[in-house]
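Asks: Once you've had a glance at the structure underneath, I'll fire off some questions.
The values are calculated or read from the model by the stated rules, or taken from the named source; none is laboratory data. Please read all numbers here as calculations on a predicted model, not as lab measurements. For neighbour counting, all protein chains shown are included, and Cβ atoms are generated from backbone atoms with ideal geometry for every residue, glycine included. We work out accessible area using only protein heavy atoms, side chains counted, and drop any ligands, DNA or RNA first. Shrake-Rupley method; radii C 1.70, N 1.55, O 1.52, S 1.80 Å.
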Amino acid sequence: VRKVFVDYYNKGLIYRGEKIINWDPAAQTALSNEEVIYSEEKSAFYHIKYKLENSEEYLDVATTRPETLFGDTAVAVNPSDERYMHLIGKNVILPLVNRLIPIIGDEHADPTKATGIVKITPSHDPNDFEVGLRHNLERITIMNDDATMNENVPEKYQGMTREDCREETIKDLKEQELLLDIEPLVHEVGHSERTGVMVEPMIKKQWFVKMRPLADRVLDYQKDKNKKVNFVPSRYEKTMNHWMEITYDWCISRQLWWGHRIPAWYKDNEVYVG
């Protein structure tokens, strides 16, 4: 294990970096995507009023996680959506916080889903993280490692659990006439394979395997009849190719000793791997 780790590190295939990962708030450790188990849960789309700056107009922003609005740093619309394209570059007022955030144009906003407008919370959603990178958005982490609300939210919500904060946020939105509708919904929610708690996407510095070069080599081999792996039944080759095409960098570090220790030593900003 150490030899492979060090070899991959020296080849640039293993690196340490800050990315959004699956965080288990109970065990307080990073998880790989394979350690996240999805199950259907009853939830809702909360339609929230995001008022335009210096205007009586507002955008209907639908979200399943109203408690994360405190970490919003933009609202996105699809640049080809004729309903909203004229608003790109303007600002909205973030509800309950009264901070101005920009309206951006990004393909991530799907005109066919909900209202076609999405709130962007780069520190607590993997898709929003990517949008944030594309538009150089600020990242605001709003939770502690145990998934209670931290000092980056208004004082009254600090220390609350995610669940309590959601209830309080909905109540306050109603009081300020900023909640337009609650639309029942059943959707897939990720839970930790180890502890069963809901996984929280969080930005953390972790160790990753750079998967793209490895996956591309597999795909190249599959085009060569002398090197390819032959599947029985053959349809599984398509499954494997699909996995290789959509693969993402693999988070391999854990904050608990669940496997092998990573052979890295730290002093100030220096890292030694050997």
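Asks: Give me the one-decimal nm value for the distance between modelled label points at Leu256 and Asp60, 7 Å along each residue's Cα-to-Cβ direction.
Replies: Between Leu256 and Asp60, the simple spin-label model gives 4.4 nm.
Asks: Would you calculate the separation in nanometres between label points at Leu52 and Asp216, each defined as 7 Å from the Cα along the Cα-to-beta-carbon direction?
Replies: 4.4
Asks: Whole Å is fine, so just give me how far the alpha carbon centre of the range 56-111 lies from that of the range 245-274.
Replies: Centre-to-centre (Cα) distance: 36 Å.
Asks: Between Asp146 and Lys267, what is the spin-label point distance in nm, taking each point 7 Å from the Cα along the Cα→C-beta axis?
Replies: Computed distance between label sites Asp146 and Lys267 equals 3.5 nm.
Asks: While we're looking at this one, here's another question. If R₀ is 22 angstrom, what is the calculated FRET efficiency for the pair Tyr248 and Ala26, using the beta carbon separation as r and rounding to 0.05? Don't jump to the answer; show the numbers that get you there.
Replies: Numbers: r = 24 Å, r/R0 = 1.10.
Efficiency computed from Cβ-Cβ geometry: 0.35.
Asks: Could you check how much of the accessible area of the chain is carbon and sulfur, as a whole percent, using a 1.4 Å probe?
Replies: 49
Asks: Right, next: The range 117-212: D in µm²/s via Stokes-Einstein (Kirkwood Rh, Cα pairs, 20 °C, 1.002 mPa s)?
Replies: My calculation gives 136 µm²/s for D.
Asks: Decide, for the range 153-272, between rounded, prolate and oblate: order the square roots of the alpha carbon gyration tensor eigenvalues as a ≥ b ≥ c, take rounded if a/c falls under 1.5, and otherwise choose prolate if a/b is larger than b/c, else oblate. Write down the numbers at each step before the final one.
Replies: Details: a/c = 3.10, a/b = 1.61, b/c = 1.93.
Because a/c hits 1.5 or more and a/b fails to exceed b/c, the range 153-272 counts as oblate.
Asks: Based on Cα coordinates alone, diagonalise the gyration tensor for the range 1-101, multiply each eigenvalue by 5, take square roots, and list the semi-axes in whole Å, largest first.
Replies: Details: eigenvalues 301, 76, 38 Å².
Semi-axes (√(5λ), whole Å): 39, 19, 14.
Asks: Over the chain, with the other protein chains present, what is the accessible area per residue in square angstrom, probe 1.4 angstrom?
Replies: 58
Asks: Moving to a separate point now. Can you tell me how much longer the chain between Ile37 and His86 gets when fully stretched, taken as 0.36 nm per residue apart minus their C-alpha distance, in nm with one decimal? Don't skip to the end; give the middle numbers.
Replies: Values: separation 49, 0.36 × 49 = 17.64 nm, distance 4.04 nm.
Taking 0.36 nm per residue and subtracting the Cα distance, the gain is 13.6 nm.
Asks: Another question, if that's okay. For Arg99, enumerate residues with amide H under 5 Å from its amide H, sequence gap 5+ or separate chain, H modeled in the peptide plane.
Replies: Residues meeting the criterion, in which the H sits 1.01 Å from N, are Leu94.
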